[in-house]
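Everything below concerns the one structure shown next.
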Amino acid sequence: MGKKSRVKTQKSGSGGASTAVSPKEMMNLISELLQKCSSAASAGKEWEEYVQIRGLVEKIRKKQKGLSVVFDGSREEYFSDLMAWAQENGGPSEGFCVSDFGSEGYGLKATRDIKAEELFLWVPRKMLMTVESAQNSVLGPLHSQDRILQAMENVTLAFHLLCERADPSSPWMPYIHSLPQEYDTPLYFQQEEVQLLLGTQAIQDVLSQYKNTARQYAYFYKLLQTHPAASKLPLKDSFTFDDYRWAVSSVMTRQNQIPTEDGGRLILALIPLWDMCNHTNGLITTGYNLEDDRCECVALQDYKENEQIYIFYGTRSNAEFVIHNGFFFQDNAHDRVKIKLGVSKSERLFAMKAEVLSRAGIPASSTFALHCNEPPISAQLLAFLRVFCMTEEELKDYLLGEGAVGKIFTLGNSEFPVSWDNEIKLWTFLETRAALLLKTYKTTSEEDRSLLEKPDLSLHSRLAIQLRLAEKQILERALASGRAKRLHFEKKLEEDAPLPRYEESDIALLENSQSKLPIILRQLEEVEEGQEVPEEEEEEEEQHSLLLNGQKEAYGVKEEANGEETQEEVRGDVDLDSMEKGQRESAELTASRTEDKTEE
């Protein structure tokens, strides 16, 4: 977990570049970077733009060599200070220690038997680094005057971390010393390692993450040099890209939401010690105790002495884990590939389809997901595809026919097909879409498996290939499921089987069965599934082409399906401009940290 930084010449609190760079020369490069990052890439030119932005960043990094902060010694040397600091500030004094778990990196090891649901870890508010503590720190004056800091809590936390790291007397120094000096998120990938993700559904988020980070860095570099409120900040004379990348990654891999002291709203926070826990499948077992004003975590299961203590980070996809946490979770029960689907506004039946979808609580353009398990689609996506494939007569029946209101409740229920023909169409559509997307990859699943067997594969290359393979496996399962369902319903149609009919008495069953939920439900397990696609984004997609192996129509892959058009983008759901997305509701917390790798 946390390799030593590649920058070796800088010690904590001291500095000096190996070669003097004129302020004007640096500012010219920064201005060029800001301008490049502030314009939208032309359709199909995202990779070219990334290479150009990266080239500018590398020029800046080269000129900043020797200016970045690096602490003496390894992280492991500071863990005893972290535990002592936690105890001094009201944290736990026994029950676990920080230990090295090989390929999983550092984590918490039980030093005694711990029972399931036993409270074993708590972190008082005074130990937390929060947006509120940032506002009350040396960063406060600048925060009160800069709209970006005010609007983006994640960026505020990143600067809070940098300012405290530069202050040897910071009360959070034991925590800061314990953080990795490098991460395994794509921000740290070499260009050829990022290139391995070309053709994947995750590439757009990876490129956006880098572009957003570079843009933010350039903006704040200029701000620190020109804003009066920045004059007293310890960053003014030394604010490198590597420093900002480190701070952004520290926050991105560890941030969580906690309630304010009065419980009135949620704010972002870094939670020392607790963020050392690694992830496994399970349930969220962390909350915030407002009465005692502390984060509290109970054991997910029974742990014997010397066993690793895990927590559940939440229902995140492997794309989210790789892009925002820097690890791939092999047994991810919640893995999925995001897709955006929309009914074309130019389609003759658009108004009718949009109305039926609206009555079901689904926008005409939405973000959905294909899942790694059965069924590969949610009730909400099933409902969307049924409406998408409806004929004019079927639409009239669901809008004006007998029992039309009640029928809306059946759209996401697999037991009540619209018609055998409709089922054949929707599963054919899914089968075709999955097959089309699989063809856009440059490698096969078998080739990826062979590559993963190579012993000399870099960690970042391995992450990229693992993610690439996982996407294909989800699409392969969706294709197989679509084919099986299509054949099943073709047989039903051939046999002239009677169509199951919805009765009014079925409403209670529909409303009270988890497997038969009406899609009026908005709180799905999937993060943001069914979220409306903004109109401007919709229009952009119709003209945009994704980086899927350089194929011309890859981004908003359009195809005619039963005479109807669709636009689709398969990707993750978080970007660096809104790292606060995906945080857990209310006081429930999920770890957002990297499984850091052992020191090299």
Margin query: Yes or no: region 204-216 includes at least one residue that is closer than 30 Å to residue 470 by Cα, touching a Cys at 6+ places or on another chain (Cβ under 8 Å) and of a type in the set (D, E, K, R).
Written below: yes
Next item on the list: Within region 439-461, identify whether any single residue is touching a residue at least 12 places away in the same chain (Cβ under 8 Å) and closer than 23 Å to residue 341 by Cβ, and answer yes or no.
Entry: yes
Check: In region 76-91, what residues are on the phi < 0 side of the Ramachandran plot and in contact with a Lys or Arg (Cβ under 9 Å, 6 or more places away or on another chain)?
Finding: 89, 91
Check: Of (1) touching a helix residue (DSSP H, G or I) at 6+ places or on another chain (Cβ under 9 Å); (2) open to solvent by less than 30 Å² (accessible area, probe 1.4 Å), residue 394 satisfies all except one. Which?
Finding: (2)
Note to self: Step by step: first the residues of region 272-292, then only those that are in a loop (DSSP other than H, G, I, E, B) and within 19 Å of the chain's Cα centre (by Cα), then the one that is surrounded by the most Cβ atoms within 10 Å (Cβ to Cβ). Which residue is that?
What the structure shows: 277
Next item on the list: Name the single residue, out of those in region 55-75 being open to solvent by less than 20 Å² (accessible area, probe 1.4 Å) and modelled with pLDDT of 95 or more, that is farthest from residue 199 (Cα to Cα).
Entry: 60
Next item on the list: Might you check whether a residue that is modelled with pLDDT of 95 or more, more than 30 Å from the chain's Cα centre (by Cα) and surrounded by 15 or more Cβ atoms within 10 Å (Cβ to Cβ) occurs anywhere in region 382-389?
Entry: yes
Note to self: For the list (1) touching a Gly at 6+ places or on another chain (Cβ under 9 Å); (2) surrounded by 18 or more Cβ atoms within 10 Å (Cβ to Cβ), I need the number of the one condition that residue 107 fails.
What the structure shows: (1)
Notebook entry, point to check: Is there a residue being surrounded by 18 or more Cβ atoms within 10 Å (Cβ to Cβ), assigned to a helix (DSSP H, G or I) and polar (S, T, N, Q) anywhere in region 360-380?
Noted result: yes
Check: Within the set of pairs 6 or more residues apart or between chains, which connect a residue that is under 18 Å from residue 362 (Cα atoms) inside region 380-402 to a residue that is of a type in the set (D, E, K, R) and not in a helix (DSSP H, G or I) with Cβ atoms less than 7 Å apart?
Finding: 380/529; 388/564
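Conditions (1) under 27 Å from residue 409 (Cα atoms); (2) open to solvent by 40 Å² or more (accessible area, probe 1.4 Å); (3) not in a helix (DSSP H, G or I), marked per residue:
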{"position": "467", "(1), (2), (3)": "no, no, no"}
{"position": "472", "(1), (2), (3)": "no, no, no"}
{"position": "483", "(1), (2), (3)": "yes, yes, no"}
{"position": "488", "(1), (2), (3)": "yes, yes, no"}
{"position": "496", "(1), (2), (3)": "yes, yes, yes"}
Notebook entry, point to check: Only one of (1) modelled with pLDDT of 95 or more; (2) surrounded by fewer than 22 Cβ atoms within 10 Å (Cβ to Cβ); (3) out of contact with any Lys or Arg (no Cβ under 9 Å at 6 or more places or on another chain); (4) within 27 Å of residue 74 (Cα to Cα) fails for residue 188. Which number is that?
Noted result: (3)
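The values are calculated or read from the model by the stated rules, or taken from the named source; none is laboratory data. Fair warning: this is a prediction, and the values are worked out from it, not measured in the lab. With ideal geometry, Cβ positions are generated from the backbone for all residues, glycine too; neighbour counts draw on all protein chains shown. Areas reflect the complete protein model, heavy atoms only, side chains present, ligands, DNA and RNA absent. Shrake-Rupley method; radii C 1.70, N 1.55, O 1.52, S 1.80 Å.
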